[in-house]
Amino acid sequence: MKVLKFGGTSVGSAQRMKEVANLVLDGEQKLLVLSAMSGTTNSLVEISNYLYKKNSDGANEVINKLEEKYRREVNELYTTDEYKAKGLDLISEHFNYIKSFTNNVFTVFEEKVVLSQGELISTGMFNLYLLEKGVNSCLIPALEFMRIDKNNEPDTTYIRENLTSILDKNQGYEIYITQGFICRNAFGEVDNLQRGGSDYTASLIGAAILADEIQIWTDIDGMHNNDPRFVENTKPVSDLSFDEAAELAYFGAKILHPTCVLPAKVNNIPVRLLNTMDPKAHGTLISASQCQKRIAAIAAKDSITAIKIKSGRMLLAYGFLRKVFEIFESYKTPIDMITTSEVGVSVTIDNSRHLDDIVDDLKKYGTVEVDKDQVIICIVGDLIASSKGYANKIFEALKDVPIRMISYGGSSHNISVLVNAKDKIEALKSLSAKLFD
Ligand code: ADP
Ligand code: ASP
Ligand code: MG
């Protein structure tokens, strides 16, 4: 069976849902993962922010506007009075639930329940639409099988056992539909896989059922060779290896959730990135095969903080790096880039929640400097050490951009540089011009 994930824009209106139905109904059995309609999760975040501030008027205004939008979409989606009524009931049920939070204490637990409503509504609406069309369709609740553990990592055994058991009990349907993004945590509470997490849902499901293929349907024809939000004339990359795709996703290519490649890679399941607006386009095929000797694409990861720790004599002082890394570990803060010299080490982090504590602790081992507002620019491809000329081209392109850190050699797929946020767009553009034109 194939797993097909449709993102927010792809299910963003009644019209788009109808197009998705046309795309998927070819008689072949499929499992669909749907996001919330575009803009919905942002609105739910806005509602939550009002509720944290106990501003129920502000929250109600956003809730009512959102509910109105959904009522209009429902009226457009269904043809019969019977299904229009079912659709409106579904909307009322979810919005009454959201409204119930305006009268109570509001904490992170309630927020997660509010954030889960977008996917619950879109999947409910789409399932009803297929049923109205006479399709043999089955809605399977993600909250019954998608689960993260105490470390917020997916509990793959639980997911596999529960999903297969649900599918076994519901055999013979043409289309299975489930929610992206939402899950339960180790305590059974409603939680989520972080913003953009529907891609991750699709790959976790693909891995759990050993799907033939995972398809990520979105609003662009595959992974482009640079970020199309900042650079013109970017082009889709037809093939990427799992490792290249993982690097690009982790380092900012928004088309893929940062961690969604791993479950597919581990199980060797091909991932296709496809465009709902142009379904015939080839898109990008992500698989185990590696295109030789080429730069595939460039991505940028924002909001990076660089921390430099200078110690008297680092290389001779064995144990220094361990002590430094232990501090980051104790604050559960992952390090993205590392560079070293005789006298010190520079690292970058993107989660600066514990920055002050980390800096305080690091001061035990040396002098510490912090640079905020940095961006990692990541050039990804088959950049094996034996091939010549790539570094030269990259640094020629970046000759007018001040560079704070450089990293190569951690893998043969990635050269990363750290630049100031204000130089990001210039750097991306000149890299594209030099490497791809
Ligand atoms: P969805 O809602 O379907 O999950 P996203 O907005 O999360 O879609 O991802 C698709 C968007 O990712 C594109 O519209 C594009 O603006 C952005 N994007 C950023 N980098 C890339 C890239 N390298 N290739 C393709 N799209 C990218
Ligand atoms: N709806 C969620 C979000 O907007 C998850 C997703 O779309 O992947 O972040
Ligand atoms: Mg997305």
* Structure fact -> Just one listed residue, out of Phe242, Phe251, is under 19 Å from Ile379 (Cα atoms) and within 13 Å of ligand 1 (Cβ to nearest atom), and it is Phe251
* Asked: Can you find even one residue in the range 230-252 that is within 16 Å of ligand 3 (Cβ to nearest atom) and among the polar types (S, T, N, Q)?
  -> no
* Got at least one residue in the range 6-17 being of a type in the set (D, E, K, R) and away from ligand 1 (no atom under 16 Å from the Cβ)? -> no
* To do: May I ask you to list the residues in the range 235-271 that are in a loop (DSSP other than H, G, I, E, B), in contact with a Phe, Trp or Tyr (Cβ under 8 Å, 6 or more places away or on another chain) and among the β-branched types (Val, Ile, Thr)?
  => Thr259
* Give the range 182-215 a look and list any residue that's touching a residue at least 40 places away in the same chain (Cβ under 8 Å), more than 16 Å from ligand 2 (Cβ to nearest atom) and assigned to a loop (DSSP other than H, G, I, E, B), or say none. => Glu189, Ile209, Leu210, Ala211, Asp212
* Structure fact -> From the option list Ala186, Ala208, Ala202, single residue qualifying as more than 16 Å from ligand 3 (Cβ to nearest atom) and open to solvent by less than 30 Å² (accessible area, probe 1.4 Å) is Ala208
* **Residues of the range 167-193 that turn out to be more than 21 Å from Met125 (Cβ to Cβ) and in contact with a Phe, Trp or Tyr (Cβ under 8 Å, 6 or more places away or on another chain), as a count** => 3
* To do: Might you let me know whether the range 104-119 holds any residue that is under 24 Å from Leu32 (Cβ atoms) and without any contact (Cβ under 8 Å) to a residue 40 or more places away in the chain?
  => no
* Given the conditions (1) open to solvent by 20 Å² or more (accessible area, probe 1.4 Å); (2) part of a helix (DSSP H, G or I); (3) over 16 Å from Phe126 (Cα atoms); (4) in contact (Cβ under 8 Å) with a residue 12 or more places away in the chain, and given that Lys54 satisfies all but one, which numbered condition is not satisfied? -> (2)
* Among the residues of the range 77-98 satisfying the criterion of being over 17 Å from Leu131 (Cβ atoms) and under 28 Å from the mean Cα position of the chain (by Cα), which is most open to solvent (accessible area, probe 1.4 Å)? -> Tyr97
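The values are calculated or read from the model by the stated rules, or taken from the named source; none is laboratory data. Since the model is a prediction, treat every value here as computed from it, not as a measurement. Cβ coordinates were reconstructed from backbone atoms using ideal geometry, including for glycine residues, and neighbour counts include every protein chain displayed. Keep in mind that these areas ignore ligands, DNA and RNA; they rest on the heavy atoms of the full protein, side chains included. Shrake-Rupley method; radii C 1.70, N 1.55, O 1.52, S 1.80 Å.
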